[in-house]
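The values are calculated or read from the model by the stated rules, or taken from the named source; none is laboratory data. None of the values given here were measured: they were computed from a predicted structure. Cβ placement follows ideal geometry from the backbone for every residue including glycine, while neighbour counts extend to all protein chains displayed. Side chains included, ligands, DNA and RNA excluded: accessible areas come from the protein's heavy atoms. Shrake-Rupley method; radii C 1.70, N 1.55, O 1.52, S 1.80 Å.
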Amino acid sequence: MEYITFALAKGRLAMQTLEFLERIGITCEEMKDKESRKLIFTNEELKLKFFLAKASDVPTYVEYGAADIGVVGKDTILEEDRNIYEVMDLGVGKCRMCVAGPASARPLLESGEIIRVATKYPRIAKDYFQNKKHRTVEIIKLNGSIELAPIVGLAEVIVDIVETGTTLRENGLEVLEEILPLSARMVVNQVSMKMERERIGSIIERLRTKL
Ligand code: PRP
């Protein structure tokens, strides 16, 4: 029997996924050791492998078949735009993709002016402004601490994830527009879905009943 391989987004989501998998009898004790720097783990009995990857790389591993199954946020799935099947909403890691900025940027969003939008998600931001709002904006790609951009004058607004809203509030910013709700999803390689339909299908079905 071949291994079924899971690519999990490193961090809290990976640990939550392990909890879900435990509910259907899939365990990987070794992976729970927070001190460990190990990246790949095996459950020989069930012929399963698990590896921890950077979230934005999970769709890539799954598209190329280096992992059969991945668990990652909807934000990353949309931004990476890989050829993979999204099979299940795990209902955890719930947050929203939003346009945010200082209250003073509100009229700018309504005007026809070209505004600068800082974001870690250029594809999502471009799609939103171009296809939903039908307007041209300048997208500035950043890699983190996006909230800084409007404060230091790099951009008028940002497109970013808002979970509790604390980061925005503590930096004098607010949600200006909501783009879409987000949560963690299970994704599957397109070939694996056919070749391992029974085993992968059974994992999905059993998980569905436990969510
Ligand atoms: C994310 C996001 C916001 C923050 C939102 O950042 O980019 O900055 O969390 O959470 P809140 O609404 O609960 O305050 P993350 O911590 O992932 O780091 P980053 O700045 O590197 O993107």
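Checking the table Lys94/Lys194; Lys10/Lys74; Lys32/Lys141; Lys10/Lys49 against a 22 Å threshold on Cα-Cα, which pairs fail? From Lys94/Lys194; Lys10/Lys74; Lys32/Lys141; Lys10/Lys49, over 22 Å: Lys94/Lys194; Lys32/Lys141. Between Gly73, Gly101, Gly11, the residue with the greatest mean-square fluctuation in the GNM of the chain (Cα pairs under 10 Å linked by springs) is Gly11. Segment 145-208 and segment 1-68 have Cα centres lying 19 Å from one another. Within a straight-line Cα-Cα reach of under 13 Å, Lys132 can be paired with the following aspartates and glutamates, leaving aside sequence neighbours fewer than 8 residues apart in one chain: Glu177, Glu178.
So, R0 is 30 Å and r is the distance between the beta-carbons of Arg169 and Lys32; what FRET efficiency does that work out to, to 0.05? E between Arg169 and Lys32, to the nearest 0.05, is 0.35. Rg/Rh for the chain stands at 1.04; both radii use Cα atoms, and Rh follows the Kirkwood definition.
Taking Cα centre as origin and charging only the Cβ of basic (Lys, Arg, +1) and acidic (Asp, Glu, -1) residues, the dipole magnitude of the chain rounds to 140 debye. Atom-type composition of the exposed protein surface of segment 95-181 places 50 percent of the accessible area on carbon and sulfur (1.4 angstrom probe). Surface exposure of segment 1-102, expressed per residue as accessible area with a 1.4 Å probe, stands at 50 Å².
Sorting Ile139, Ile114, Ile124 by accessible area puts them as Ile114, Ile139, Ile124; the probe is 1.4 Å, largest comes first, and only protein heavy atoms count.
Here is the tail figure for segment 95-181: Cα pairs spaced more than 17 Å apart come to 38 percent of all pairs. Lys/Arg Cβ at +1, Asp/Glu Cβ at -1, dipole of segment 117-211 taken about the Cα centre: which of Val175, Leu154, Thr209 is farthest positive-ward? After comparing all options, I get Thr209. Counting only heavy atoms of the protein chains and using a 1.4 Å probe, Glu170 has close to 150 Å² of accessible surface. In the chain, Cα pairs under 8 Å separated by at least six residues give a relative contact order of 28 percent. Helical content alone sets the calculated 222 nm signal of the chain at -8000 deg cm²/dmol, taking -39,500 (n - 2.57) per DSSP H segment of four or more residues and averaging over every residue.
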